[in-house]
Structures are given as structure tokens and as C-alpha cells.
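**Student:** Submitted below is the structure of interest, expressed as C-alpha cells.
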Amino acid sequence: MGGAASLLSRRRAAALGIVLVGLVGYGAVAPHLPGLPSGVDVAFHAVVVFPAFAAAIWLALPLARLGSIHLVVLALGAGALALCLTVLDVDSAANVAKLACFALVGFGFLTLFEELWWLVLVAVLVPWVDIWSVAAGPTQYVVEERPGIFEKVAVAFPTPGETATVNLGPPDVIFFSLFLAAAARFALRVPGTWIGMTACLAATVVLVWSWDSVAGLPALPAVCLGFLLPNADLLWREVRKARSRSAEQG
């Protein structure tokens, strides 16, 4: 794993370590903290909790340059660690290990995309699949009929003073990481992509709170929109180039 260490500068590795330790610590103490008024807790998630978790993925971004084998090994290691910590009832550390596992899977998926326009197509189509899945498909079944399964695999975002959490499923974290790594690989707007996806996810939480009759909303539309909007001109240029190449070959 020396290759992984060489990709992260000392400062970045230290910052990543601090963020991960902070996330573990926050997850452990959050239920024991004073509760926040309704609305303030949502704002806290949007402004503090979501960006903190997303910052870990940002700081780990250089690892996306690792080969697929290395990423698979790291992802399997993080997944095994999450499982062991769950068995040992160290939930806050297991939660961060799951975040690491899914982020590494997302980085690894980037190796499957040779062209940027492939990712554009995915970003346009995936939200509709997620909307269907949450409204009437397998996600709805798992969340409503087997909630324990979803809670075990999801990444939890703790709320101060409560045991209840805001949860993101594995695909949400995987696509967040995939699109962020794609922005870096294809010379898109990396900071804008991170801000866009994080802000759209935060907006989704606000919408769930506003529509209190709704148990949850699909998160992948927010992730995909956060990727597409800041890079719209660059992506459209790439799509036009792909169409031109296809026309010339035809």
C-alpha cells in the first residue's frame, strides 16, 4: 500500500486523518450532545455534517489515481474493517469505515469509463432509475419492509442529541466519489463539483424536512445534478466532440 501513501502529501494525509478521527468522535458523542431545535438541526446537517463527511472524500481524492487492483484491495479492507467494527459494536468507527469502502469503490469504478461522455450519459439516466427505486422499486421495499438492512449498509449522518440519523445508501456515496474523481481525471471543475454535489445533497435534506409527510427522497438526482451543473459547458463541449467523432467514423 506504499503507492497509496505516496499519492497523499503529508499535509493532505494529516488533514484526512484528522477529519476521519473527528467523524468517528462526532458519531460517538452525537447522541449525548444537547439536542437542536427543529430546523436548526437540519441546517447543522447541511452546513456542518454533510460537508465534513464529503471533505473526507475530497481529501482522499488522490487515491483515485491508484490502479484498479489497489483500489479493490483497499475497498475490501475497509469493508472488512467496517464489518468487524459493527460486530464489536463500535458503530461510529464502522460508519466511517463504510464511508471509506464506498468512496474507494466509486474511485475504482472510474477505471471503467474511458470517455467523459459515458459519465454524462450515466449522470442523466441514473437519477430516473433512483427515483423509480425509491418510489416503487427495491429501495422502497428495503426501507419500508426491511429497514434494518438499509441502516446496516447505509452511511449514517448523526444528529446531535438524537439516536436517529440521516442516512445515505451505498450508491449515493459511490456516485459522489465517482463523479468527483471524474472531475479530477477529465480536468473539470473539481471544487465546483464538490460544492455542487454537497450543496444539492444538503438541499435534499432540507426538502425532506420541509415535506414532513415524506419519509425520504432519492439522493442520486442531487449527486448527478451537482456534477452536471458546474461542468455543463465543458460536458456539452465533450458531448459535441463525441458526436462529431461518431459522424466522421460513420
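**Student:** Within the stretch 7-66, which residues are within 17 Å of residue 203 (Cα to Cα) and touching a Gly at 6+ places or on another chain (Cβ under 8 Å)?
**Tutor:** 41, 52
**Student:** A follow-up question, please. Anything in the stretch 177-193 that is touching a residue at least 40 places away in the same chain (Cβ under 8 Å), in a helix (DSSP H, G or I) and within 21 Å of residue 237 (Cα to Cα)? List them, or say none.
**Tutor:** 178, 179, 180, 181, 182, 183, 184, 185, 190
**Student:** Going through the stretch 142-176 one residue at a time, which ones are open to solvent by 40 Å² or more (accessible area, probe 1.4 Å), in a loop (DSSP other than H, G, I, E, B) and not charged (D, E, K, R)?
**Tutor:** 163, 164, listed by residue number.
**Student:** Looking at (1) over 14 Å from residue 220 (Cα atoms); (2) within 13 Å of the chain's Cα centre (by Cα); (3) not acidic (Asp, Glu), which is the only condition residue 176 fails?
**Tutor:** Going through the list (1) over 14 Å from residue 220 (Cα atoms); (2) within 13 Å of the chain's Cα centre (by Cα); (3) not acidic (Asp, Glu), residue 176 breaks only (1).
**Student:** With respect to residue 139, is the statement that it is open to solvent by 10 Å² or more (accessible area, probe 1.4 Å), assigned to a helix (DSSP H, G or I) and either without any contact (Cβ under 8 Å) to a residue 12 or more places away in the chain or in contact with an Asp or Glu (Cβ under 9 Å, 6 or more places away or on another chain) (or both) true?
**Tutor:** yes
The values are calculated or read from the model by the stated rules, or taken from the named source; none is laboratory data. Note that this is a predicted model, so its numbers are computed, not measured. Every residue, glycine as well, gets a Cβ built from its backbone with ideal geometry; the counts of neighbours run over all protein chains shown. Surface areas here come from the heavy atoms of the whole protein model, side chains and all, with no ligands, DNA or RNA. Shrake-Rupley method; radii C 1.70, N 1.55, O 1.52, S 1.80 Å.
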